[in-house]
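Engineer: Input: one structure, supplied below.
Laboratory data are not the source of any read-out in this text; all were calculated from the coordinates shown. Computed from a prediction, not measured in an experiment: that's the story for all the values here. We place every Cβ from the backbone using ideal geometry, glycine too, and count neighbours over all the protein chains shown.
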Amino acid sequence: MTDSPAQTFPRIRSAGMDGLLVSFGDRLSEPANRAALAFRAAIDRAGWEGVEETSTSLVSTYLRFDPLGPGAGTLRPQLETLLGDRDWSAADLPEGRRFFRIPTVYGTDRAPQLAEAADVAGLTVEQAIESLSAARVRVTTIGFAPGQPYLGELPEVWDIPRQSALTPTVPMGALVVAIRQLVLFSVTTPTGWRHVGQTAFRLFRPESETPFVLRPGDEAQFVPVAPEQLANMDEDPDGGATSEVIR
Amino acid sequence: MSDALIIHSAGPGVTVQDRGRSGTLAFGLSRGGAMDRLALAEGAALLNQPGDLAVLEMAGMGGRFEPTRDLRIALTGAKMRATLDGAKLAWGASHMIPQGAVLDIGPVTSGAYGYLHVGGGIDVPQVLGARSAHLAAGLGKPVAAGDRLPLGEDGGGETGSFLPRSERFEGGTVRVVPSLQTDLFPQEQLERFAQTRFRRDTRANRMGVRLDVAGEGFSVTGGLSVVSELIVPGDIQVTGDGAPFVLMAESQTTGGYPRIGTVLPCDLSRVAQAPAGAVLEFRFVTMDEALEAERRYRAEIKALGGQLKPLVRDPHDIRDLLAYQLISGVTAGRDI
C-alpha cells in the first residue's frame, strides 16, 4: 500500500502456486531489464531440479516449477543465493544481438492515430515522424502475443498514457506507442496503445525454423517509407527489413 | 490413406486440444491446451491410454463425425446430446463405434466445453511441441466440415464403461491464492471480492472468462499504473470497467492491468465449465492449503481408472444391435 516502506529490489514474490517472480524494479529501466535477462540465463544454466519453464518480462525473471516437487521452499533460497552472487543490474546484454531496420508507413490511413499521438506528445506530425524514425530502440521483452516485442526507451516526450478506451482492432504489423515504449504487433488485436505506424514485418512464423524472429536485446529502427513502397507481408515476411549482427 | 475422423459438420468452437505448450512463455506464446484439464484425464482413464493424446474440444456445440475405422471413443466434460446413427449415447462414458457410423453431438446441456476422445488420439502434426490449436496466436484453426483428422494408432482396450458425474459444471466456489498485485487492492475490496456472488458473463472464450458484478466494481487505489508484468493462467485481472476477468488457456502472456488473485490450477476446470449466468465465488486460501488441494487433485486423477463402472446399455436404445461388437473391443476390430 501507499504508506508501506519503500520496496527494495530485487524482490522475490510468488506468482500463482507454481511460480516465483524475481523483480529488479517497479518501473522499466535499462539496468532492471538487463538484470532480468541475465538472471534468467543464469537460472537456465543452473539447471535446478523441478524448474519447468523460465521467462522474463520487462523488469522481472519468472520461473515455473512443479509445486509438489522441490517447490518454492527449496527454490526461493536457491534464488536468494544466486541473487547475491553479483550485481545483476551491471550484467551485460545477451550475446548475438542484431539490429533490424524495418520499413514503416507513418500515419496515413494505414496508421490513423499518428496525428493524435503527436498531439498528446506536444509535437507536430513531422516532428513525431522524425523523432520516432530516428530512435534506435531495443527489445526489452517479448510478450503479450507470440514473438511480440516491447521496444524502448523513446525520448521523454513520448511518455504519453495509454488511451482510456481500447481501439477495437489494429492489424498485424502495427506499430503502437505509449509510456516511452513501442510495441510491434504480431497478431491482429485490440489495444489501448496508439497506432502510429504500419509495417509488413511478420514476427511469428510457426512453420519456420525460427518461429519467433526477435529476441530480447535486439535493436530496431523504424525507417519511413511511402505506403505504396511497403512490401506485401504475404510475399515477404520480412516486409523489406534488413538486419545485421551488433558487434 | 491413413485412418481418419471425417468431419461432416462442426460447431464454431470445435478445436484439436491437448495439454498445450511448455517452454514458449518467454516467446510470448501462452500454454494453451484444453480448457478443462480434468476432462483430458477422464478421457484417458476411460480409454486406458496416455493423457497427452490430442482430443476434440467442443465449445457449446458438437458436430457430425464419421470414423474410417472401428473406433474407440470417450465423451467427457460438459454434457452434450450425443447419438450414434440416431441411437442415444451415454455421456461421461466410452464406446466402440463402427467404421462408417455417424456420431452426432448436439448442443451442450450443462457446462461449457465437451470433449470427444478417440483411441490413439487425434494425430495432427505437432507444431512447437503440441498438437493443440491456439486460436489467439493464429496457430491452427477450428475444425470444419470436410476436414479429415488423422487418427493415431490405438493400442486397443475395453469400452463400455462410465465415470461417476463430477459436479464442476454449474459454477460454485473457486479457490484463489494472492497474486502479484493483490496487495495493491484495499482490504475492503478484497473482503468484498471474497463475499461477492459473481455471475459468469456471456463474454467468455479460450482467452478468458468475464464475471459480472451487480454492485460496485473493483479497482486499485489511485488508478496506479502498474508496470506490464507476467501473466499466469488463472490470474484474475481487473480491467478499467471494474469487472474481474479470469485469464485462461490462451491468455496474453503479459499485461498491465492489476490482478486481484490467481485461481488454483485444480479449480480452473470449474471456471472453464461454468455456463453463462452460473454463480462463481472466490475463496482466498493459504499456500499450504493450495498445495494440499493440488495433492488431492492429483490423487483423484490417479484414482480415476479405479472409478470406472460398466455401462449398462438398454438394447432398445441400440438401433442396429447386430452392427455392434458386443464382446467388448479387445482390439480396434481390424483383425476380425
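Engineer: Contact order normalised by length for chain B, with contacts defined as Cα pairs under 8 Å and 6 or more residues apart; what percent is it?
Structural biologist: Computed value for chain B: 22 percent relative contact order.
Engineer: Report, in order of residue number, the helices in chain B meeting two criteria: a C-alpha extent of 18 Å or more along the helix axis, and a mean Kyte-Doolittle hydropathy of at least -1.0; treat each whole DSSP H run as one helix.
Structural biologist: B:287-307
Engineer: Determine Rg/Rh for the protein assembly as shown; Rg is computed over alpha-carbon atoms and Rh is the Kirkwood hydrodynamic estimate from the same atoms.
Structural biologist: Values: Rg = 25.5 Å, Rh = 25.5 Å.
Reported Rg/Rh (Cα atoms, Kirkwood Rh): 1.00.
Engineer: Moving on. R0 = 41 Å: FRET efficiency of B:Glu216 with A:Arg76, Cβ-based, nearest 0.05?
Structural biologist: Details: r = 37 Å, r/R0 = 0.90.
E between B:Glu216 and A:Arg76, to the nearest 0.05, is 0.65.
Engineer: Across 5 Å bins from the origin, how do the percents of Cα pairs in the stretch A:105-247 run, short distances first?
Structural biologist: Per 5 Å bin, starting at zero, the Cα-Cα P(r) for the stretch A:105-247 comes out as 2, 10, 20, 26, 22, 14, 5, 1, 0 percent.
Engineer: Quick one: compute the contact order of the stretch A:119-230, relative version, from alpha carbon pairs under 8 angstrom and 6+ residues apart, as a percent.
Structural biologist: Taking the mean separation of contacting Cα pairs over the length of the stretch A:119-230, I get 30 percent.
Engineer: Identify, among B:Ala303, B:Gly20, B:Gly43, the residue whose Cα sits farthest towards the positive end of the charge dipole of chain B, taking +1 on the Cβ of Lys and Arg and -1 on the Cβ of Asp and Glu, with the dipole about the Cα centre.
Structural biologist: B:Gly43
Engineer: What's the magnitude of the charge dipole for the stretch A:1-131 around its Cα centre, counting Lys and Arg as +1 and Asp and Glu as -1 at the beta-carbon? Answer in Debye, nearest 20.
Structural biologist: Once rounded to the nearest 20, the dipole reads 260 debye.
Engineer: Based on the alpha carbon coordinates of the stretch B:1-149, what radius of gyration and maximum Cα-Cα distance (Dmax) apply, in Å?
Structural biologist: 14.3, 48
Engineer: Right, another one. When averaged across all projection directions, what area in nm² does the alpha-carbon convex hull of the stretch B:69-205 cover?
Structural biologist: Result: a mean projected hull area of 12.1 nm².
Engineer: Here's another thing I want to ask about it. For chain A, what is the relative contact order in percent, using Cα pairs closer than 8 Å and at least 6 residues apart in sequence? Don't skip to the answer; put the middle values down first.
Structural biologist: On the way: 520 pairs, mean separation 49.2, N = 247.
Once divided by the residue count of chain A, the mean separation gives 20 percent.
Engineer: Same structure again: Between B:Asn205 and B:Gln99, how many nm apart are label points set 7 Å from Cα along the C-beta direction?
Structural biologist: Reported label-point gap for B:Asn205 and B:Gln99 is 4.0 nm.
Engineer: Kindly point out which whole DSSP H helices in chain A project their C-alpha atoms 30 angstrom or further along the helix axis while averaging a Kyte-Doolittle hydropathy of 0.0 or above.
Structural biologist: none
Engineer: Could you tell me which of A:Gly25, B:Leu291, B:Gln187 has its Cα farthest along the dipole of the protein assembly as shown towards the positive end, charges placed at Cβ (Lys, Arg +1; Asp, Glu -1), taken about the Cα centre?
Structural biologist: So the residue we want is B:Leu291.
Engineer: In debye, nearest 20: dipole of the protein assembly as shown around its Cα centre with unit charges on the Cβ of K, R (+) and D, E (-)?
Structural biologist: The dipole of the protein assembly as shown has a size of about 720 debye.
Engineer: Take the Cα atoms of chain A, find their three principal axes, and give me the spread along each one in whole Å, biggest first.
Structural biologist: Taking the Cα atoms of chain A, the three principal extents are 58, 48, 36 Å.
Engineer: Sticking with this one: Which residue, B:Gly306, B:Gly172, B:Gly208, tops the fluctuation ranking in a GNM of chain B built on C-alpha contacts under 10 Å?
Structural biologist: Of B:Gly306, B:Gly172, B:Gly208, the most mobile in the Gaussian network model is B:Gly306.
Engineer: Another one. Using every pair of alpha-carbon atoms in the stretch A:1-93, split the distances into 10 Å bins beginning at 0 and state the percent of pairs per bin, rounded to integers.
Structural biologist: 17, 51, 27, 5
Engineer: Now a separate question. Across every pair of different alpha-carbon atoms, what Kirkwood hydrodynamic radius in Å does the stretch B:33-75 reach?
Structural biologist: Here the Kirkwood hydrodynamic radius works out to 11.6 Å.
Engineer: Starting from the Cα-Cα distance between B:Ala145 and B:Thr286, subtract it from 0.36 nm times their residue separation and give me the gain in nm to one decimal.
Structural biologist: Between B:Ala145 and B:Thr286, full extension yields an extra 46.0 nm.
Engineer: While we're on this one: Work from the charge dipole of the protein assembly as shown (Cβ charges, +1 for Lys and Arg, -1 for Asp and Glu, about the Cα centre) and give the residue of B:Asn205, A:Tyr106, A:Gln229 farthest towards its positive end.
Structural biologist: B:Asn205
Engineer: For chain A, modelled as a GNM with alpha-carbon contacts under 10 angstrom, which of A:Val177, A:Val139, A:Val225 fluctuates the most?
Structural biologist: Of A:Val177, A:Val139, A:Val225, the most mobile in the Gaussian network model is A:Val225.
Engineer: Also: For the stretch B:141-232, run through the trypsin sites (Lys or Arg not before Pro) and keep only the ones in DSSP coil with at most 13 other Cβ atoms within 10 Å of their Cβ.
Structural biologist: B:Arg165, B:Arg197
Engineer: Expected output is a single nm value to one decimal: the length gained when fully extending between A:Arg136 and A:Glu156, i.e. 0.36 nm times separation in residues minus the C-alpha distance. What is it? All intermediate terms of the calculation are to be shown ahead of the outcome.
Structural biologist: Values: separation 20, 0.36 × 20 = 7.20 nm, distance 1.40 nm.
Length difference between fully extended and current span is 5.8 nm.
Engineer: On alpha-carbon atoms, Rg over Rh for chain B using Kirkwood Rh? Write down the numbers at each step before the final one.
Structural biologist: On the way: Rg = 20.9 Å, Rh = 20.8 Å.
Dividing the radius of gyration by the Kirkwood radius yields 1.00.
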